[in-house]
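K.L.:
The structure's right below; bear with me while I get my questions together.
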C-alpha cells in the first residue's frame, strides 16, 4: 500500500514513512526559489502537524533527481528553517544524494553549514534503504 501523499507539486512530494518513522521529502529537477521555499515551509508545517503522532519523527530528503538549488536558498534554510526544525524536535536528517553534480553541491553545502551550526545530526547516503536504516537506528 502506498503512503498517503501529504504534499505534492511537479517537483516535490512529501509523505510519512511509518516504518522509520520519518517525513520523506522527494525533490525532483530544478526548483525555482519560490517553489523551493514554499515547499520547505510546507515541510515545517507538516512536522508540526504530525509530531504529536510520531514523537521521534525524523527527516529523509530524497534528492536523487534534484538538480539545482540556489546558494541563497540553502543559506535561508540553514539560518531560518533549521531553528524551526529544532523547535519541532528534529534531531536527525538523512539525505539520499543526487546523481546530478549541481544537486550534490547544494546538498553538500547545506550539510556543511548545518554541521557547523551543530544544530542536529545529518548524514548523506547513496541508497534509500541505508538512509532509512540509519534513521531507524538513532
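K.L.:
For the range 115-129, enumerate the residues that are surrounded by 12 or more Cβ atoms within 10 Å (Cβ to Cβ), out of contact with any helix residue (DSSP H, G or I) (no Cβ under 8 Å at 6 or more places or on another chain) and within 14 Å of residue 63 (Cα to Cα). Don't jump to the end; show me each part of the working.
P.N.:
Of the residues in the range 115-129, the ones surrounded by 12 or more Cβ atoms within 10 Å (Cβ to Cβ) are 115, 117, 119-125, 128.
Filter once more, keeping what is out of contact with any helix residue (DSSP H, G or I) (no Cβ under 8 Å at 6 or more places or on another chain): 115, 121, 128.
Across the range 115-129, the qualifying residue is only 128.
K.L.:
Filter the range 1-10 down to the residues that are touching a strand residue (DSSP E or B) at 6+ places or on another chain (Cβ under 6 Å) and at pLDDT 95 or above and list them by number.
P.N.:
Passing the criteria: 5, 6, 7.
For (1) touching a strand residue (DSSP E or B) at 6+ places or on another chain (Cβ under 6 Å); (2) within 23 Å of residue 6 (Cβ to Cβ), each residue gets a yes or a no:
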{"site": "25", "(1), (2)": "yes, yes"}
{"site": "33", "(1), (2)": "no, yes"}
{"site": "46", "(1), (2)": "yes, yes"}
{"site": "68", "(1), (2)": "no, no"}
{"site": "75", "(1), (2)": "no, no"}
{"site": "83", "(1), (2)": "no, yes"}
{"site": "98", "(1), (2)": "yes, yes"}
{"site": "102", "(1), (2)": "no, no"}
{"site": "105", "(1), (2)": "no, no"}
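K.L.:
Let me ask another. Given the range 27-127, what strands (runs of 3 or more DSSP E) lie entirely inside it while holding 3 or more residues that are modelled with pLDDT of 95 or more and closer than 21 Å to residue 138 by Cβ? Lay out the reasoning, then the answer.
P.N.:
Values: elements: 58-66, 92-96, 121-125.
Per the criteria, 58-66, 92-96.
K.L.:
Just to be sure I understand, how many residues within the range 70-83 are in contact (Cβ under 8 Å) with a residue 40 or more places away in the chain and farther than 13 Å from residue 117 by Cβ?
P.N.:
Residues in the range 70-83 being in contact (Cβ under 8 Å) with a residue 40 or more places away in the chain and farther than 13 Å from residue 117 by Cβ: 1 in total.
K.L.:
Does residue 66 meet the test of being loosely packed, with under 15 Cβ neighbours inside 10 Å and on the phi < 0 side of the Ramachandran plot? Steps first, answer last, please.
P.N.:
Values: loosely packed, with under 15 Cβ neighbours inside 10 Å: no; on the phi < 0 side of the Ramachandran plot: yes.
It is false that residue 66 is loosely packed, with under 15 Cβ neighbours inside 10 Å and on the phi < 0 side of the Ramachandran plot.
Quick grid of which residues meet (1) under 15 Å from the mean Cα position of the chain (by Cα); (2) within 21 Å of residue 19 (Cα to Cα):
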{"position": "62", "(1), (2)": "yes, yes"}
{"position": "70", "(1), (2)": "no, no"}
{"position": "82", "(1), (2)": "yes, no"}
{"position": "86", "(1), (2)": "yes, no"}
{"position": "91", "(1), (2)": "yes, yes"}
{"position": "100", "(1), (2)": "no, no"}
{"position": "115", "(1), (2)": "yes, no"}
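K.L.:
While we're looking at this one, here's another question. Quick one: is residue 82 over 18 Å from residue 129 (Cα atoms) and surrounded by 15 or more Cβ atoms within 10 Å (Cβ to Cβ)?
P.N.:
Values: over 18 Å from residue 129 (Cα atoms): yes; surrounded by 15 or more Cβ atoms within 10 Å (Cβ to Cβ): yes.
Yes; evaluated as a whole, the condition is true for this residue.
The values are calculated or read from the model by the stated rules, or taken from the named source; none is laboratory data. It should be emphasised that the depicted structure is a prediction, and the values quoted were computed from it without experimental measurement. Please note: Cβ atoms are built from the backbone with ideal geometry, for glycine as well, and neighbour counts cover all protein chains shown.
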